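Shown next, in structure tokens, is the structure this report addresses.
The values are calculated or read from the model by the stated rules, or taken from the named source; none is laboratory data. These numbers come from a predicted model, not from an experiment. Cβ atoms come from the backbone with ideal geometry, glycine included; neighbour counts cover every protein chain shown.
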Amino acid sequence: MHIRLEKRLTPSRFMQIATPIASVLLTMALGAIIFQLIGFDGPRAIYETFITPVVASYKWQDVMTKAAPLIIIALGLSLGNQAKIWNIGAEGQYIIGALAGAGVAFALPDARGFWVILLMIAAGIVGGMAWAAIPAFLKTRYRVSEVLSTLMLVYVALQVLNYLVSGPWKDPNGHNFPQTPPFTPAQLLPHAIGGTDIPPGLVVAIVLTLVFWVLTTRSVYGFSVRTVGAAPNAARYGGFDASRTVWSTLMISGGMAGLAGILEASSQLGQINLGFPSGYGFTAIIVSFLGRLHPIGVFLAGLILAVTYVGGQVAQTVVHVPSATAGIFQAMMLFFILASDILVRYRVRILRDAPRTAPAEAVA
Amino acid sequence: MTIGFFIDALVTVVGVTTPILLAATGELVVEKSGVLNLGLEGMMLIGAVTGFAVTFNTGPDLGDWAPWLGVIAAGIAGAASSMLFAVLVLTLGSNQVATGLALAIFGIGLSSLIGAGYVGMIVPSFDTVFPDWLAGDPLWRVVFGYSPLVYFALLMVFAVGWFLNRTRAGLILRAVGENDLSAHSIGYPVNAIRYAAIAFGGALAGIGGAYFSMVITPMWAEQMTAGRGWIALALVVFSGWRAGRLLAGAYFFGVLMTLELYAKASGFSFLPSQFWAAMPYIAAVVALAVISVREVAGSEAPACLGRPFLPNT
């Protein structure tokens, strides 16, 4: 008996939807077993991580707050991933975006009016784009792999942040903590929109999900991005310019990461400190793959990853699992989704070996 | 600037270079076989925590031998974690960039989980290889005053260079990386060779990680490799996939990483310390651009780098 893989003519739609769900369920099952084996209450740890934030309504605002930046960043990354352009430095663009927005805020300390926050958001988007422009330039001009350059720039961005919050932008009334002064009321977005639990970032995420859905499924641009990724030669023949795709996807994903950064700073933190980089830029890569690069999928996957963030903290206090637990579950989901990718593209056939009679005689 | 200061700085350079040299040497073999494993950072951290834990727990019984057992365990742990990556990319044909990243994220999480109970502990480190009158000599310690892992790392670079360029097995490995289909059709087991290369790369990354937790600072801290795994990846590209240039490049990055520590003492304090901390990463990006301008013959990426190969389809 042996196994043979047959390439599907078109990717299986059923598998595209079934495998992410299966990945989450498998992670829960395997996670429970592993944590039981290393001496924790495994099923309880899984329940608190994956179920509690969903059933306990007082956790919903927290989940939505964490989902918003993940979804916004992952929407941008998914576009690039479709073209096989790997921006894995969204964390850096997220940081620089927030810093650019904060820079506008500190330059206009006395300004009033809603335009202040709009200007900060615009600066955040531009900041993220500018940080992503470096890898785009190096890739199109010098063929430098964007995988490495985007990543290296995360570490540079971390030092820029470190420098600004402990030097020029340090809060003079901050008891020497490395943090900026708080934003003024005109520079702040509300935690949640008037009277509801819904954070402003989530509204932005919902709108952008729809925008990206139209962009990827209903526009020539979305088609050109997919073609560049799937068949570079055909794309060139069809007149789709590869370096324009590099530029546009990196600009869009960088801008989205910057937007997520300034939204987080202005609606949740109200200032920027050393703890600002929280790994959303890296987790968004998992969101992008778990959502199978589809905007609707990314939206749902963002909610699931946000649940594991919130639930991970619950499990930490209730079952006393270490803080790294959520990260391990997130990596397991990514492993499962990548492993199951083969089921989308190939049909797995289990064949019985034919009995070993000499075929040559039969012909003779 | 005294000669003593200079020797101090050199010794530091050799120290910070060793882990990235080990990890990059392993990755060189992996990439020569046509596979891109971005998970170095994760494998290094798993090696770091394993090496520390094994040394810590066997120390009371084994004494001086405990660090050796720790390093071997770190190598095995690195190789074992790399197999997770190998099954996905080789047998299941998954995307190598995403899978390598998954390995990095997984390694960061797993190492923090294992290491949670070891924070704040200290392990005994290696003795120097050479006798005290050489290793402790104020001048000659720059050559003889290191832990065994430093010499092991140098040995591995030369061994890998010799293996890739002077042996039949190395030629086959390169053939698999340059043209998997041809190698397969003349009967070489492409994926078996790649499995072996990935395991070797994982083992060296694990040992490189152990250097952090057992030599540089003999204690465990979360994410203590601090992004050096990514520098090692850039180093492989920078080297043009050649062992000789890998060695030179590693020391170049070692100097840059040391600048942060010595910037104040050597009068470079007019720039903020964060600038020097970011320096290796800025240099890596610049270096990648520079080498693409000055393309040297034979320094191109293996042709099949990053491409999955599924023979039974």
Tally, over region A:332-349, of residues that are under 17 Å from residue A:286 (Cβ atoms) and within 7 Å of chain B (Cβ to nearest Cβ): 5
Restricting region A:6-33 to residues that are surrounded by fewer than 18 Cβ atoms within 10 Å (Cβ to Cβ) and within 13 Å of another protein chain (Cβ to nearest Cβ), the one farthest from residue A:297 (Cα to Cα) turns out to be A:6
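Among the candidates A:298, A:318, single out the residue that is closer than 30 Å to residue A:214 by Cβ, more than 14 Å from every other protein chain (Cβ to nearest Cβ) and either modelled with pLDDT of 95 or more or surrounded by fewer than 19 Cβ atoms within 10 Å (Cβ to Cβ) (or both).
Exactly one residue qualifies, and that residue is A:298.
A quick yes/no check of all residues on (1) more than 9 Å from chain B (Cβ to nearest Cβ); (2) in a loop (DSSP other than H, G, I, E, B); (3) within 14 Å of residue A:261 (Cα to Cα); (4) modelled with pLDDT of 95 or more:
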| residue | (1), (2), (3), (4) |
| --- | --- |
| A:99 | yes, no, yes, yes |
| A:115 | yes, no, no, no |
| A:125 | yes, no, yes, yes |
| A:131 | yes, no, yes, yes |
| A:149 | no, no, no, no |
| A:177 | yes, yes, no, no |
I'd like to check something: does region A:274-287 contain any residue that is among the small types (Gly, Ala, Ser) and farther than 17 Å from residue A:92 by Cβ? no
How many residues, within region A:133-146, are surrounded by fewer than 21 Cβ atoms within 10 Å (Cβ to Cβ) and outside any helix (DSSP H, G or I)? 1
If you go through region A:274-289 one residue at a time, do you hit one that is aliphatic (A, V, I, L, M), modelled with pLDDT of 90 or more, more than 12 Å from the chain's Cα centre (by Cα) and in a helix (DSSP H, G or I)? no
From B:113, B:88, B:103, residue being more than 20 Å from the chain's Cα centre (by Cα), in a helix (DSSP H, G or I) and within 26 Å of residue A:39 (Cα to Cα): B:113
Which of the numbered conditions does residue A:262 fail, given that it passes all the others? Conditions: (1) within 14 Å of another protein chain (Cβ to nearest Cβ); (2) in a helix (DSSP H, G or I); (3) out of contact with any Asp or Glu (no Cβ under 8 Å at 6 or more places or on another chain); (4) crowded, with 24+ Cβ neighbours inside 10 Å. (1)
Among the residues of region A:282-295, the number that are within 12 Å of chain B (Cβ to nearest Cβ) and either more than 15 Å from residue A:334 (Cα to Cα) or free of Cβ contacts under 8 Å to residues at least 24 places away in the same chain (or both) is 0
Is at least one residue of region B:249-269 in a helix (DSSP H, G or I), at pLDDT 85 or above, within 9 Å of chain A (Cβ to nearest Cβ) and buried (at least 20 other Cβ atoms within 10 Å of the Cβ)? no
Based on this model, can you work out whether residue A:234 counts as more than 14 Å from every other protein chain (Cβ to nearest Cβ), surrounded by fewer than 19 Cβ atoms within 10 Å (Cβ to Cβ) and not basic (Lys, Arg)? yes
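Filter region A:136-147 down to the residues that are in contact (Cβ under 8 Å) with a residue 60 or more places away in the chain and closer than 24 Å to residue B:225 by Cα, then identify the one that is farthest from the other protein chains (Cβ to nearest Cβ).
The extreme case among them is A:146.
Return yes or no: is residue B:170 touching a Pro at 6+ places or on another chain (Cβ under 6 Å), surrounded by 14 or more Cβ atoms within 10 Å (Cβ to Cβ) and in a helix (DSSP H, G or I)?
Criteria not met by residue B:170.
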More than 19 Å from the chain's Cα centre (by Cα), of a type in the set (Phe, Trp, Tyr) and closer than 22 Å to residue A:267 by Cβ: which single residue out of A:169, A:131 fits that description? A:169
Of the criteria (1) more than 14 Å from every other protein chain (Cβ to nearest Cβ); (2) part of a helix (DSSP H, G or I); (3) in contact with a strand residue (DSSP E or B) (Cβ under 8 Å, 6 or more places away or on another chain), which one residue B:121 fails: (2)
Could you please let me know if residue B:226 is assigned to a loop (DSSP other than H, G, I, E, B), within 18 Å of the chain's Cα centre (by Cα) and either surrounded by fewer than 17 Cβ atoms within 10 Å (Cβ to Cβ) or among the charged types (D, E, K, R) (or both)? yes
